[in-house]
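Report on the following structure.
The values are calculated or read from the model by the stated rules, or taken from the named source; none is laboratory data. Worth saying up front: this structure is predicted, and the values here are computed from it rather than measured. Only protein heavy atoms, including side chains, enter the accessible area calculation; ligands, DNA and RNA are left aside. Shrake-Rupley method; radii C 1.70, N 1.55, O 1.52, S 1.80 Å.
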Amino acid sequence: MESFQRNPYLTWQRSQKIPIHTGYYVEDLRKLQLGFWQERNANGAFVNLSNAQVNDAYVLEVPRGEKTNPRRQLFDESIMIIAGHGATSVWYDKGRKRSFEWQEGSVFAIPPNAWHEHYAMDSAARFVAVTSAPLYMQLFNNNDYIFNNDYQFTERFASEENYFDGSFSCRPGFNGIETNFIADVRPFFTKENAAKIDEAVAQPLKNKDRAHDMFAIRVRFARTMMMLHFSGWAVGTYKKAHRHGPGFNIVIIDGEGYSLMWEEGKPRERIDWHEYSLFVPPMMWFHQHFSTSPKPIRFLAFHPPGMLAFPGWSGEGSHFIGKGANQIEYFDEDREIRRLFEEELFRKGLRSSMPSEIYVKPEV
């Protein structure tokens, strides 16, 4: 009976004997304290934010000239490189390894159960990865099944020679792109590219109603059930308050600003962020993101598993009325929010770009 009372994922996590960081956010992933992770032959740390038990994050740093131990796992894993230059090899069959190089800004996913190893080249390389390990380990409660499973998901990875060549396709039913590798998200994720993808899928993302002058791209890597999206918005603007389900890991790509997060009816909490900050809004807490940067803000949001198949699970909805829906329009927000934002901009020599009419409630 005792084994059923434990959390299999947390038990495994503690057995790895590396730092475990908790709370709401990490101020700078590049400076996060790591410890030697023997199983990986690299330095690492877990990042368990906002008690989300559907997915997790970890940071791994491979020393210069070293490589990680070969590894496979049943769960999904998405990776963003935050420092360095290196390469990754992926295979089911050793004779058909597929290798590709990456750099800061690269994003990709590891197909489930595929063997893989990472190499650091001319300097130490550090990345952040988000996985569905907590969900899988709690479902199966058997680490041997998770890490030593011979099943090959050939419908998702069949050792194609061009698997990691960076090509992508637009699929209207998905409202985004499908790919296996983005060489550098910074030149890739632009307002112009977002507009082109919108035109290709002929159905712009609904969450563009989330902010004034916002642009976004939804991405699915390696047919994963853990998609992600890029989100950006203009100088001197901010997003509407909204809430959804757990496990959205947000990494700031560039710019600086702050977010307010609060549970309905309780005081707001503020976190300040900049390039390579990571934060996770707690489940069904309202959160609102503010740009105080002289250039547009862009971030990457790793989704929890299942979002592709069950988008409604996110808790997204229409206009907030009492406890019925999950977005607060600008004209209904606390006036103190706007006042604080304009005060922050003034302190930095910037001005709000929010048009006054968006604060006026439309006539029904």
- Query: How much of the accessible area of region 125-200, probe 1.4 Å, is carbon plus sulfur, in whole percent?
  - Reply: 49 percent
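Residues of the chain: accessible area per residue at 1.4 Å, in Å²? Provide the component values of the computation, followed by the final result.
On the way: 16290 Å² over 364 residues.
It amounts to 45 Å² per residue over the chain.
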- Picking from Asp76, Asp144, Asp56, which is most flexible by a Gaussian network model of the chain using Cα springs under 10 Å? Asp144
- Sorted by accessible surface (1.4 Å probe, heavy atoms of the protein chains only), largest first, His289, His212 come out as His212, His289
- Item | Among Tyr92, Tyr145, Tyr58, residue whose mean-square fluctuation peaks in a GNM of the chain (springs only between Cα atoms under 10 Å) | Tyr145
- Message: Once each part is reduced to its C-alpha centroid, what is the distance from region 17-42 to region 327-361 in angstrom?
- Response: 36 Å
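On a 22 Å Cα-Cα criterion, which of the cross-link pairs Lys191/Lys239; Lys239/Lys348; Lys295/Lys348; Lys191/Lys348; Lys239/Lys266 come out too long? It would help to have the intermediate numbers written out before the result.
On the way: Lys191/Lys239 16 Å; Lys239/Lys348 19 Å; Lys295/Lys348 12 Å; Lys191/Lys348 25 Å; Lys239/Lys266 20 Å.
Going by Cα-Cα distance, Lys191/Lys348 fall outside the 22 Å limit.
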- Note on the structure: The base-10 log of I(q)/I(0) that the Debye equation returns for region 1-83 at q = 0.15, 0.22, 0.23 Å⁻¹, one scatterer per C-alpha, is -0.61, -1.28, -1.38
- region 123-192 - Debye-derived log10 I(q)/I(0), Cα point model, q = 0.26 Å⁻¹: -1.20
- Provide, as a two-decimal number, the C-alpha radius of gyration of region 174-243 over 2.2 N^0.38 Å, N being how many residues it has. 1.12
- Task: Choose one answer from Ile337, Ile328, Ile182: the residue with the largest mean-square fluctuation in a GNM of the chain with alpha-carbon springs under 10 Å.
- Result: Ile337
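Remind me, what semi-axes does region 63-145 give for its equivalent ellipsoid, largest first in whole Å, using sqrt of 5 times each Cα gyration tensor eigenvalue? Kindly include the intermediate steps, with their values, before the conclusion.
Details: eigenvalues 111, 47, 22 Å².
Equivalent-ellipsoid dimensions as semi-axes: 24, 15, 11 Å.
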- Could you rank Glu192, Glu155 by how accessible they are, 1.4 Å probe, largest area first? Glu192, Glu155
- Task: Rounded to whole Å and sorted largest first, list the principal axis extents of the Cα atoms in the chain.
- Result: 65, 50, 38
- Identify all aspartates and glutamates with a Cα-Cα distance to Lys97 below 20 Å; exclude those on the same chain that are fewer than 8 residues away in sequence. Glu66, Asp76, Glu77, Glu117, Asp150, Glu155, Glu160, Glu161, Asp165
- Find how much the distance from Asp144 to Thr190 grows on full extension, using 0.36 nm per residue of separation minus their present alpha carbon separation; answer in nm with one decimal. 12.3 nm
- Message: Please report the accessible area of Arg30 (heavy atoms, 1.4 Å probe, ligands and nucleic acids excluded) in Å², nearest 10.
- Response: 90 Å²
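How high is the relative contact order of the chain? Use alpha-carbon pairs under 8 Å, at least six apart in sequence, and give a whole percent.
On the way: 882 pairs, mean separation 53.9, N = 364.
Reported relative contact order: 15 percent.
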- For the chain, the longest principal axis of the Cα atoms and the Cα long axis of helix 191-201 enclose an angle in degrees, to the nearest 10, of 80 degrees
